[in-house]
1. Among Thr97, Thr88, Thr256, which comes first, second and so on when ranked by fewest other beta-carbon atoms within 10 Å?
2. For the chain, what proportion of DSSP beta bridges, expressed in % and rounded to the nearest 5, is antiparallel?
3. Between Lys94 and Asp47, 0.36 nm times their residue separation minus their Cα-Cα distance comes to what?
4. When a footprinting reagent is the concern and you count Cβ atoms within 10 Å, what order do Tyr15, Tyr98 take, fewest first?
5. Once you keep just the Cα pairs under 8 angstrom separated by 6 or more residues, what percentage relative contact order results for the chain?
6. For region 97-178, what is one quarter of the convex hull surface built on the Cα atoms, given in nm²?
7. Arranged by the count of other C-beta atoms within 10 angstrom, fewest first, what order do Tyr224, Tyr182, Tyr33 take?
8. Assuming R0 = 30 Å, can you tell me the calculated FRET efficiency for the pair Ser262 and Asn8, based on Cβ-Cβ distance, to the nearest 0.05?
Amino acid sequence: MIQFVKRNQLDENKYNACISASLQSRIYAYSWYLDIVTDNWSVLVLDDYEAVMPLPRNSRFMIHYISQPFFTQQLGVFSKESLSIEETGKFIRKIPTYFLKIALQFNSGNHFSTAKAVLKNNFILDLNDCYNELYQRFSKRRKRSIKQGLKKELSIEEVAFKEVLMLSRENYSLKGVSDKEYHKLSTLVKVAKEKNKVSVRGVKVDGELIGGSVFLLDEQRIVYLFSAVSQKGKKMQVGSFLLNSIIKENSNSKKTLDFEGSMIPSIASFFKSFGAEIETYSLLKKRFL
């Protein structure tokens, strides 16, 4: 039986154990993560937490709706056993009807039949190989970019997130990302740091920070969550240099580098140049108005 459970009624230990043991496990779905990125959320729970589906919820002008939080690419159903299209559909039909709008991104392991779903692309790289083999799959252009960074004698080190955030504010104008969302991201990095679930890497030249990235860490994936590069850093191919170091450091592991998208052709091409493969996931949109 699938039941609707409010956040304050949730058995956190059983819920998080289900996320950890699930075939589709994603760091975004843990209770501590959702508590930060969304103001309110509930869960659909199958039996004794055999499968769960978190529902990030909001309301505006008395209209209740479900929407994907920032910095959370894939949610959906997380299960200890493989789910059929029909079983995933049961979860979707159990979403309470007082949510008049739904815009929820499911994980790549979820499959369901609905005309309302939009397929989206993510890029992932299996790191279960030696670095030399992984490097051989890079495009010629990417190899040139990495060599350029090596010639410039760039250095990589752990840095404070506030430095990367400052770099982002100085060089980007992220549409739709409010100060509130930036604050949530800062809190997320702080809490993840306490849990040893994040690495904030900075690239410097002559002591100057010219690029930085936030990588989320769990048992299965290294998630490329956030990055910022100065104009100087772009010219020095900081992005290629930093990602190459992460790939090299984690080669011969059972982990996957998750690039988090993108549907933008230029960014997709950049990720693909590291030998990454497409991982599709679904965006479910529904209106009950």
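Each reported figure results from applying straightforward, stated rules to the coordinates on display, with no laboratory input. In this text, all values refer to a predicted model and were calculated from it rather than measured experimentally. Backbone-built Cβ (ideal geometry, glycine too); neighbour counts: all protein chains shown.
1. Least to most surrounded, the residues fall as Thr97, Thr256, Thr88.
2. Details: 52 of 60 bridges.
Around 85 percent antiparallel, to the nearest 5.
3. So the extension gain works out to 15.6 nm.
4. The fewest-first ordering by Cβ neighbours comes to Tyr98, Tyr15.
5. It comes to 24 percent, rounded to a whole number.
6. Values: hull surface 43.7 nm².
With every direction weighted equally, the projected area is 10.9 nm².
7. Going from least to most buried by this count: Tyr182, Tyr224, Tyr33.
8. Given R0 = 30 Å and the Cβ-Cβ separation, E is 0.25.
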